[in-house]
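To start, the structure itself, in structure tokens.
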Amino acid sequence: MEYGLIGATLKHSYSKLIHEQLYPCDYRLTELPTEADAREFMEKRPFKAINVTIPYKQLVIPYCAVLDDKARAIGAVNTVVNQGGTLHGYNTDFDGFAFLAAAHGVQFAGRRVLILGTGGTSKTVTAVAKAGGAAEVLYASRTPGAGRVSYAEALSCGAQVVVNTSPAGMYPNNEALALDVTKMPGLEAVLDAVYNPFSTRLVQAGRAAGAKAAGGLEMLVAQAVYAAALFTGTEPQTERIAPLAKAIFADRANISLIGMPSCGKTTIGRMLAKALGKTFVDLDAEIAKAADKSIPDIFAEGGEAGFRDLEQQVTARFAKEGGQVLSCGGGVVLRGENVAALRQNGPVVFIDRPLELLCTGGGRPLSTDREALAAMERKRRPLYQAAADIRIANDGDVFRRAAQAAQEALHAYFGS
């Protein structure tokens, strides 16, 4: 191959998409499940240039006759260029993380920085933080020691900036929360090197704490832009980082529709999915499919609690994937876990239809009459408003407004 990426698992990598957008190339993803596979590959050197990801950023170092200053200082290589049989190793993760921090206004000067994880990326973040004038860099570890605090101690360590470099919260284990930063006084910023999902539970917790917070997508694109410059011997196209990151997000993000039963989520969702080239998913239909019975039968056999348990499982399963329009059941917002799951991969849109236009019955066990429907609406409205990035009134040409609002929400969500 000419160009590509090596790593143990690459199924959900965006690198091919990014590099083929940056320059004409045949960029291949090469999974090397074991260290033996990786060493054999590096010994054969069947490439012009490659990117390197987990877990081989240290393994490739001995094969590089030349290392740039950043790679040598950090002790990790993510870019290897084959120059006439001589391998040159570089670290563009430094530039990628520096771009992410700057893009979100994260300051390191005079700050205490807490890094979660101790792998190769933690060394990159350490280098960037120290270059930015950090007063102190600490590490959260299960084995506390010099410069390392336990995860329990981390909550009171006084860090203003928290950076996750561990796999915690990464697909497919999206539910993991590396550290509950909502309990950290004086927190200013939270950054996560994980980019799938777009907003990990850690990033969501950072936002809930009122801190600046962002996932790793911009870091991924930025390091690729710097790597592509090394591949091609050209100047880095830094002006393309933000547009490329936004384009990837818009393409792969979900749009989740919430609202009262019969508010129009399914109809609007199908139209949005078609217009935006996304897959439509009706979560209530998927719940019925998973249970192999109708929703009224699920309620009859397991009560509302049984239905909510199944709803939470199905919501978690679909929300961790991307490129979808999700039509959610009316009660999905009753559990915070569902809201967190929906928010990890894109904006949540509240379809708000006037109470007098909502329907009763129709196989909906909790809205059998107007009085029950009105009571339900009073209880759920604050939850819809709290969960939603944007509200759309369904009282006219709702599709046109929903399509426009969805696009706006994608951009607003990415920049939040």
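Residues considered: V77, V60. Of these, the only one that is within 26 Å of E31 (Cβ to Cβ), of a type in the set (A, V, I, L, M, F, W, C) and under 26 Å from the mean Cα position of the chain (by Cα) is V77. As a summary of the residue check, E153 satisfies the conditions (1) touching a Pro at 6+ places or on another chain (Cβ under 9 Å); (2) within 30 Å of V81 (Cβ to Cβ); (3) not polar (S, T, N, Q) except for the one numbered (2). Among residues of segment 324-347 that are in contact (Cβ under 8 Å) with a residue 24 or more places away in the chain, those with a Cβ under 6 angstrom from a residue that is open to solvent by 10 Å² or more (accessible area, probe 1.4 Å) and of a type in the set (K, R), sequence gap 6+ or separate chain, pair up as Q324/K278; V325/K278; S327/K265. Does K44 satisfy being among the charged types (D, E, K, R), closer than 25 Å to D192 by Cα and without any contact (Cβ under 8 Å) to a residue 60 or more places away in the chain? So K44 does not fit the description; no. Of the residues that sit in segment 15-28 and are under 24 Å from the mean Cα position of the chain (by Cα) and over 22 Å from A71 (Cβ atoms), which one is most open to solvent (accessible area, probe 1.4 Å)? So, considering only residues that are under 24 Å from the mean Cα position of the chain (by Cα) and over 22 Å from A71 (Cβ atoms), the one most open to solvent (accessible area, probe 1.4 Å) is R28.
Would you say A71 is part of a helix (DSSP H, G or I), within 29 Å of L244 (Cα to Cα), at pLDDT 95 or above and more than 24 Å from the chain's Cα centre (by Cα)? Spelling it out, A71 is indeed part of a helix (DSSP H, G or I), within 29 Å of L244 (Cα to Cα), at pLDDT 95 or above and more than 24 Å from the chain's Cα centre (by Cα). Whether a residue is touching a residue at least 12 places away in the same chain (Cβ under 8 Å), farther than 25 Å from A406 by Cβ and out of contact with any Cys (no Cβ under 9 Å at 6 or more places or on another chain) was assessed, and E304 passes this test. Of all residues in segment 24-44, those satisfying the criterion of being closer than 16 Å to L5 by Cβ and at pLDDT below 95 are C25, D26. If you check L410, L342 for being at pLDDT below 90, in contact with a helix residue (DSSP H, G or I) (Cβ under 8 Å, 6 or more places away or on another chain), of a type outside the set (D, E, K, R) and not in a loop (DSSP other than H, G, I, E, B), only one passes: L410. Can you pull out every residue in segment 47-67 that is surrounded by fewer than 18 Cβ atoms within 10 Å (Cβ to Cβ) and either within 15 Å of F231 (Cβ to Cβ) or touching a residue at least 40 places away in the same chain (Cβ under 8 Å) (or both)? Passing the criteria: K48, I54, P55, Q58. Of the residues making up segment 80-100, none is of a type in the set (A, V, I, L, M, F, W, C), outside any strand (DSSP E or B), free of Cβ contacts under 8 Å to residues at least 40 places away in the same chain and farther than 30 Å from G158 by Cα.
The set of residues from segment 200-239 being aliphatic (A, V, I, L, M), open to solvent by 40 Å² or more (accessible area, probe 1.4 Å) and touching a strand residue (DSSP E or B) at 6+ places or on another chain (Cβ under 8 Å) comprises A209, L230. For segment 291-313, the criterion of a residue being in a loop (DSSP other than H, G, I, E, B) and more than 29 Å from N173 (Cα to Cα) is satisfied by at least one position. Taking segment 28-87 as the region of interest, how many residues are among the β-branched types (V, I, T) and farther than 26 Å from A222 by Cβ? The qualifying residues number 2. When only residues in segment 184-195 that are farther than 16 Å from R112 by Cα and open to solvent by 20 Å² or more (accessible area, probe 1.4 Å) count, which is farthest from the chain's Cα centre (by Cα)? The selected residue is A193. For segment 115-133, the criterion of being without any contact (Cβ under 8 Å) to a residue 60 or more places away in the chain, in a strand (DSSP E or B), out of contact with any Lys or Arg (no Cβ under 6 Å at 6 or more places or on another chain) and surrounded by 19 or more Cβ atoms within 10 Å (Cβ to Cβ) is met by at least one residue. Mind counting the residues in segment 84-124 that are over 22 Å from the mean Cα position of the chain (by Cα) and closer than 15 Å to V60 by Cβ? Counting residues in segment 84-124 that are over 22 Å from the mean Cα position of the chain (by Cα) and closer than 15 Å to V60 by Cβ gives 6.
Could you please let me know if L177 is out of contact with any Gly (no Cβ under 8 Å at 6 or more places or on another chain) and surrounded by fewer than 24 Cβ atoms within 10 Å (Cβ to Cβ)? Taking the combined requirement at face value, the residue does not satisfy it. All of A101, A49, A73 fail the test of being more than 20 Å from T118 (Cβ to Cβ) and among the small types (G, A, S), apart from A49.
The values are calculated or read from the model by the stated rules, or taken from the named source; none is laboratory data. Just so we're clear, the structure is a prediction, and the values are computed from it rather than from any experiment. Note that we place each Cβ from the backbone using ideal geometry, even for glycine, and neighbour counts take in every protein chain shown. Surface areas here come from the heavy atoms of the whole protein model, side chains and all, with no ligands, DNA or RNA. Shrake-Rupley method; radii C 1.70, N 1.55, O 1.52, S 1.80 Å.
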